[in-house]
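What follows draws every value from the coordinates through simple rules; no lab data is involved. It should be emphasised that the depicted structure is a prediction, and the values quoted were computed from it without experimental measurement. Cβ: placed from backbone, ideal geometry, glycine included. Neighbour counts: every protein chain shown.
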Amino acid sequence: MRTIRHSAVLGALLLAAACGGGEPKEAAKPEQAAQPAATGAVIEVIATTDDKGNYFEPKEITAKPGDVLRFKLVTGVHNVDFLPDSNPGKTGLPPASAFLQLPGQTIDIPLTFGEGDFYFQCDPHALLGMKGKVHVKK
Ligand SMILES: [Cu+2]
């Protein structure tokens, strides 16, 4: 009788040890579907085409983790892509966005993928220099 009870207690302890200590895993979030949490600043970046070319303005941004980059179309057809090739070693990058086609349309990208320098581009105009960088630091 005593032995059985001890085994049960020991088993429970082992189970607790096995379950404890792990990092809680974050559930996968739907990409760009949810409204960003209103904890950070919203930083507007325009995407436009004019006689200077195709460009983001500003093209260099400093932000904090949790801020939101709001890309807003002025003219032209543009997207936003945090290309993995331009961001070696970075994880959790957002997927390439859909194309903005209507003036005033926006895409919000919450800066939830860590600190550091992150490079983005408009895919069809990257070779024409439509690129930008966000420096994310607490
Ligand atoms: Cu473009």
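What net charge is computed for the residues neighbouring Gly129, neighbours being all others with C-beta under 14 Å from the C-beta of Gly129, Lys and Arg scored +1, Asp and Glu -1? Residues near Gly129 contribute 0 overall.
If the segment from Leu128 to Lys90 were pulled out straight at 0.36 nm per residue, it would be longer than the present Cα-Cα gap by 11.2 nm. Between Leu102 and Asp50, residue separation times 0.36 nm minus the direct Cα-Cα distance comes to 17.2 nm. Could you estimate the translational diffusion coefficient of the stretch 62-138 from the Stokes-Einstein equation, with Rh from the Kirkwood formula over C-alpha pairs, at 10 °C and 1.306 mPa s, in whole µm²/s? Diffusion coefficient, whole number: 124 µm²/s.
Taking a Cβ cut-off of under 13 Å around Leu111, the surrounding Lys, Arg, Asp and Glu residues balance to a net charge of +2, with basic ones at +1 and acidic ones at -1. The modelled label-to-label distance for the pair His135/Lys72, using points 7 Å beyond Cα in the direction of Cβ, is 2.4 nm. Note on the stretch 38-136: antiparallel DSSP beta bridges, both residues inside, total approximately 65 percent of the bridges counted.
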